[in-house]
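Since the structure comes first, as structure tokens, the remarks are kept for the end.
The values are calculated or read from the model by the stated rules, or taken from the named source; none is laboratory data. Just so it is clear, the model here is predicted, and its values are computed rather than measured. All Cβ positions, even for glycine, are placed from backbone atoms using ideal geometry, and neighbour counts span all protein chains on display. Areas reflect the complete protein model, heavy atoms only, side chains present, ligands, DNA and RNA absent. Shrake-Rupley method; radii C 1.70, N 1.55, O 1.52, S 1.80 Å.
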Amino acid sequence: MWVGISAVGCMRTDDGGRSWGFVNKNTRADFLPTRYPEFGQCIHRFVQHPGNPDVLYQQNHCGIYKSMNAGDDWIDIQQNLPSDFGFPIALDVHNPDTVFVVVEDQNGRNNVDKQFTVYRTQNGGEQWESLTNGLPAGPGVKLGVLRHAMCSDTQDPCGVYVGTNTGQLFASHDRGDSWELIADFLPSIYSVTATVLV
């Protein structure tokens with residue numbers, strides 16, 4: 001079992017919770033005197049590969065990371081993303097190398113530049129693409145997304161859903177290729193969960 005704790009990092013138990021160890025190797029804490037400490041990192045959200053439980057992805061205060069070995073060490077997969085700061089992360093259960101993130105301007109806690117963007121990798125973090133079709137842009141667009149305010153569903157192709165801290169809810173039914181606003185003028189959205197009804 002793994003837990004992610006803001007200002008602590010990732011911890012893992014291999015014995016059902018009787019003992020715990022820190023598993024933060026190669027994850028940065030740029031705000032601490034030691035850049036790669038044993039603990040003290042700030043995980044914002046992490047998800048597990050549905051077919052290979054040793055593969056984990058995390059969105060961190062200081063980067064986006066992937067582990068291939070249950071957290072024993074982490075690989076920085078920020079690559080071409082415009083910021084190393086953000087909160088949510090989700091994946092496509094049918095294509096688990098496909099991961100979605102929103103990164104933000106660290107100071108404003110909102111979209112980088114004037115375009116609200118969801119980013120997608122289809123190769124486990126080797127390269128990221130911007131998904132903006134149907135998402136707002138302009139000088140007044142300043143949308144933030146909190147830790148649990150993005151999710152995907154179990155459809156194929158998967159749907160992706162993003163709620164903002166200013167009360168907009170966006171949905172994509174084609175793995176992020178296009179988006180639509182499905183709710184507006186809500187309170188700040190802290191969590192989004194998708195359920196498929198049959």
Please give the per residue volume of the convex hull enclosing the alpha carbon atoms of the chain, rounded to a whole number of Å³. 126 Å³
In Å, what Rg and Dmax follow from the Cα atoms of the stretch 16-133? 14.4, 48
Could you list the square roots of 5 times each eigenvalue of the Cα gyration tensor of the stretch 78-165, that is, the equivalent ellipsoid semi-axes, sorted largest first and rounded to whole Å? 21, 14, 12
Restricting things to alpha carbons, tell me how big the stretch 39-81 is in terms of Rg and Dmax, in Å. 10.1, 29
The answer for the stretch 1-116, accessible area per residue at 1.4 Å probe in Å², is 45 Å²
Quick one: pull the percent of accessible area on the chain belonging to carbon and sulfur, 1.4 Å probe, ligands and nucleic acids left out. 50 percent
Between ALA7 and THR166, what is the label-to-label distance in nm when each label sits 7 Å out along the Cα-to-Cβ direction? 2.9 nm
